[in-house]
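None of the figures in this text is laboratory data; all of them are computed from the coordinates on show. All figures in this text were calculated on a predicted structure; none of them were measured in a lab. No Cβ is skipped: glycine too gets one built from the backbone with ideal geometry, and neighbour counts run over all protein chains shown.
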Number of protein chains: 2
Amino acid sequence: MSARIILEHGAGGRLMHELIRKISRRLNTPSRSVDKAMFKTHAGRIAFTADSFVMKPPVVKGCDIGMLSVNGTVNDLVTMGAKPEYLSLSLIIEEGLEEDFLMRIIGSVSDAARRSGVKIATGDVKVVEKGSCDKIFINTSGVGRVYSNIRVSTLNAKPGDAVIVTGSVGDHGAAVLAARGEFQLETEVLSDCAPLTSILETLVRKKIILHTLIDPTRGGLATSLNEVAESSRVAIEVEEEKIPLKEGVSSLCEVLGIDPLYLGCEGRLIIFTPLRYAEETVKVLRRLEISRDACVIGRVSGRSKAGEVRLLTRVGGVRSLPMLHGIPLPRIC
Amino acid sequence: MSARIILEHGAGGRLMHELIRKISRRLNTPSRSVDKAMFKTHAGRIAFTADSFVMKPPVVKGCDIGMLSVNGTVNDLVTMGAKPEYLSLSLIIEEGLEEDFLMRIIGSVSDAARRSGVKIATGDVKVVEKGSCDKIFINTSGVGRVYSNIRVSTLNAKPGDAVIVTGSVGDHGAAVLAARGEFQLETEVLSDCAPLTSILETLVRKKIILHTLIDPTRGGLATSLNEVAESSRVAIEVEEEKIPLKEGVSSLCEVLGIDPLYLGCEGRLIIFTPLRYAEETVKVLRRLEISRDACVIGRVSGRSKAGEVRLLTRVGGVRSLPMLHGIPLPRIC
């Protein structure tokens, strides 16, 4: 039987220092730096973001909370036009958690960090009594360097922009739903959790003009489009039949009566680029494994009815696609 | 009756955006920046650190989890020789928490940030089901600029250094103990929770040579001294009768059979400086309200018996002061 985490692991003494050393080894990081980090920088713009992850269950098909907590923050930095560089890793662990399970999660953190080219630079460990948290919560924060020729913002979408999505939507949300014991669902849906770093690198190298980047996590594609429409004071129109959707996701959503456009992704990017760049952008994206299903799904239609998102349905109708109301799916990230 | 936080507040939709706007207003921060932050920097060294706070109870005399979560990270940056600049604020909230209580905590965050001169630059909000966390957990991460003429590290304490503490030890730990329902203790002990920024600013301005800065939080003075002794491969000697200890803390510790040298502080700094700077350092510190009880408590005695901390007791004996073993006090921060 695997050893278990006890309260003393978080008390600040000998046992905590040993646990931190063990975690550091798994991360290939000198243990000193899992407390504090210092790095040199030259002049420029630094992006800074933070997120807590409370995913339930902590392991689903294609993703676990360790992988998610790295990619989630990495992708936030990408949407700011930055190359992610350093991450912090803060763990809140429930007393009684198996150490083997913890180390498996740390292994995922380590793999995800290597894949996206970031360094886990600092962090901490807290342990709370059984019943005071749900297995493990992870917070990561990240800093990155903003590419010098990039100015993206959710304020910056403009009439005439094409709206591009880099792949199928709702996969992560569907994978979490399927993993929950409450439904007796057999499905092959894998989480799309992945770092978006290579996408941004490629678009920057190809000198594509980017207005807005957003990753549709909590609240899904529909909510992200609403955020952009409100912040940029524009109306957005998307075509239902163009939105890539996996068979497994759409059948799961039908069974449960959930709209997949509100299901979160963890490895997809929505790109707003002037129409004249749309074709090249899609071509470039399709050459990358992570975005081989990229396509234009709509456009920024104008300034009138600013803040509104409209869906052109398969049967030729038009309906409003509002921001998420209610909770289709809590704790997907 | 105050409104309560519900799961939908964390689901990513309309209600979450409204809550974030409310929090942003309380923080005097534009709500956009409570998602992501970008700042310009010139060349130099950047310090980066992160911490989760799970303090129980979340409010004690002189401190609450909001104030603590700012000062804790601010003080980590100070111990790296940095001027704290930007903080992230990530909340994990238990469903059912009163909104008034949440806003009181956010008010403390706001006050503490103003007092220490940092900007809350980014953050996020997650809500978990009742019973899945204990009221509220807060994670903050921080970045700051390292003063150009400073090179401090726990690796850097040297034989001959004076060991200075900026005030009484164990106040925060004692205040948390006293606030717990399990003991029927009436005490006037206040937490020492405060930002250490003014102390570092002053020492830098006075051109005091600093070898090591450490703030004795979890595990208290004894554990921090052991960390330095191990990292710097030196032996440290401290004199019991010189260590400032408040009457209320020492009597509480006597009743409970706890050694105050293992009780955490949240507004104290341990300073290692060459002996020739010790007198001036203490003089300068005593002029600041926060460190008016500063004093030399010991010295780095040499390289032999490296890693050991010795206490010269009041009665003239010598005993080893090891790192914390066991849990005198979980969840003080």
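Hey, how many Å between the Cα centroid of region B:150-169 and the Cα centroid of region A:266-316?
Using only Cα atoms to place each centre, the spacing works out to 57 Å.
Could you list which residues have their amide H under 5 Å from that of residue A:83, counting only those 5 or more apart in sequence or on another chain, with H placed in the peptide plane?
For residue A:83, the qualifying residues are A:145, A:146, A:147.
Could you calculate the contour length gain from residue A:241 to residue A:313, that is, 0.36 nm times the residue separation minus the distance between their Cα atoms, to one decimal place in nm?
On the way: separation 72, 0.36 × 72 = 25.92 nm, distance 0.71 nm.
So the chain would gain 25.2 nm between residue A:241 and residue A:313.
If one takes the longest principal axis of the Cα atoms in chain B, at what angle in degrees, from 0 to 90 and to the nearest 10, does the Cα axis of helix B:14-27 lie?
It works out to around 40 degrees.
Rounded to a whole number of µm²/s, how large is the Stokes-Einstein D of region A:139-248 at 4 °C and 1.567 mPa s, given Rh as the Kirkwood radius over C-alpha pairs?
It diffuses with D of about 80 µm²/s by this estimate.
Taking the 0 to 90 degree range and rounding to the nearest ten, how far is the long axis of helix B:220-232 tilted relative to the main principal axis of chain B, both from C-alpha atoms?
70
Just the isolated ones, please: cysteines in chain B lacking another cysteine beta carbon under 4.7 angstrom.
Cysteines lacking a close Cβ partner in chain B: B:133, B:253, B:265, B:295, B:333.
Rounded if a/c is under 1.5, else prolate if a/b is larger than b/c, else oblate: which is region A:75-121, with a ≥ b ≥ c the root eigenvalues of its Cα gyration tensor?
Values: a/c = 3.22, a/b = 2.21, b/c = 1.45.
Cα axes put region A:75-121 in the prolate bin.
Please order B:321, A:190 by the number of other Cβ within 10 Å, starting at the fewest.
A:190, B:321
Treating only the Cα positions of chain A as identical point scatterers, give the base-10 log of I(q)/I(0) from the Debye formula at each q in 0.08, 0.10 Å⁻¹.
Summing over Cα pairs of chain A leads to -0.39, -0.60.
In whole Hz, what ³J(HN,Hα) sequence does region B:242-258 give by Karplus (6.51, -1.76, 1.60; θ = phi - 60°), x for Gly and Pro?
Along region B:242-258, the couplings run 8, 6, x, 9, 6, 3, x, 5, 5, 6, 4, 5, 4, 4, 8, x, 10 Hz.
Anything over 29 Å Cα to Cα? Flag those among A:207/B:83; A:246/A:283; A:130/A:246, in the order listed.
Pairs exceeding 29 Å: A:207/B:83; A:130/A:246.
What are the label-to-label distances in nm, one decimal and shortest first, from residue B:96 to the same spot in the other copies, with labels 7 Å along Cα to Cβ?
So the distances to the same position in the other copies read 1.8 nm.
Taking a label point 7 Å from Cα toward Cβ, how far is residue B:320 from its twins in the other copies, in nm, shortest first?
Counterpart label points of residue B:320 in the remaining copies fall at 7.3 nm.
Could you list which residues have their amide H under 5 Å from that of residue A:120, counting only those 5 or more apart in sequence or on another chain, with H placed in the peptide plane?
A:87
Mind listing the phi-derived Karplus ³J(HN,Hα) values for region B:59-71, rounded to whole Hz, using 6.51, -1.76 and 1.60 with θ = phi - 60°, and x for any glycine or proline?
10, 9, 4, x, 6, 9, 5, x, 4, 4, 6, 7, 5
Could you tell me, in Å, what Rg and Dmax come out for the Cα atoms of the protein assembly as shown?
Using the Cα atoms of the protein assembly as shown, the pair Rg, Dmax is 25.7, 91 Å.
Nearest 5 percent is fine: what portion of the DSSP beta bridges confined to region A:161-320 is antiparallel?
Of all bridge pairs located within region A:161-320, approximately 85 percent are antiparallel.
So in chain A, what percent of DSSP beta bridges are antiparallel if you round to the nearest 5?
75
Which angle between 0 and 90 degrees, to the nearest 10, do you get for helix A:275-286 versus the longest principal axis of chain A when only C-alpha atoms count?
40
What is the average number of partner chain Cβ atoms found within 10 Å of a Cβ in B:268-277?
Mean number of neighbouring Cβ atoms from other chains: 0.
Kindly provide the pair-distance distribution of region B:45-135 built from C-alpha pairs, with 5 Å bins from 0 and whole-percent values in order of increasing distance.
3, 13, 24, 26, 17, 10, 5, 2, 0
Mind checking which aspartates and glutamates have their C-alpha under 13 Å from residue A:56, skipping anything on the same chain fewer than 8 residues away?
Straight-line reach from residue A:56, under 13 Å: A:64, A:134, A:182, B:129.
Shielding by partners for A:13-25, please: the mean number of other protein chain Cβ atoms within 10 Å of each residue's Cβ.
Mean shielding by partner chains, rounded to a whole number: 3.
Rounded to a whole number, what is D in µm²/s for region B:161-320 from Stokes-Einstein with the Kirkwood radius over alpha-carbon pairs (25 °C, 0.890 mPa s)?
Estimated via Stokes-Einstein, D reaches 154 µm²/s.
Over region B:161-320, calculate the relative contact order: mean separation of alpha carbon pairs under 8 Å at least 6 apart, over the residue count, as a percent.
It rounds to 43 percent for region B:161-320.
Considering amide H positions built from the backbone, and no H for Pro or chain starts, which residues 5 or more places from residue B:63, or on another chain, come under 5 Å of its amide H?
For residue B:63, whose amide H was placed from the backbone, the distant partners under 5 Å are B:191.
Residue by residue through region A:50-58, which ³J(HN,Hα) values in whole Hz follow from phi under the Karplus form 6.51 cos²θ - 1.76 cosθ + 1.60 (θ = phi - 60°), with glycine and proline marked x?
Coupling constants for region A:50-58: 8, 8, 9, 10, 10, 3, 9, x, x Hz.
Cross-link partners among lysines for residue B:305, C-alpha distance below 20 Å, same-chain residues fewer than 8 apart left out?
List returned: B:158.
Take peptide B:222-230, look around each residue's Cβ out to 10 angstrom, count Cβ atoms belonging to other protein chains, and average those counts.
2
For region B:161-320, build the charge dipole from Cβ charges (+1 Lys, Arg; -1 Asp, Glu) around the Cα centre, then report which of B:212, B:318, B:256 sits farthest towards its positive end.
B:212
Relative to the other copies, what are the label-point distances for residue B:286, with labels 7 Å from Cα along the C-beta vector, expressed in nm at one decimal and sorted shortest first?
Ordered by increasing distance: 7.8 nm.
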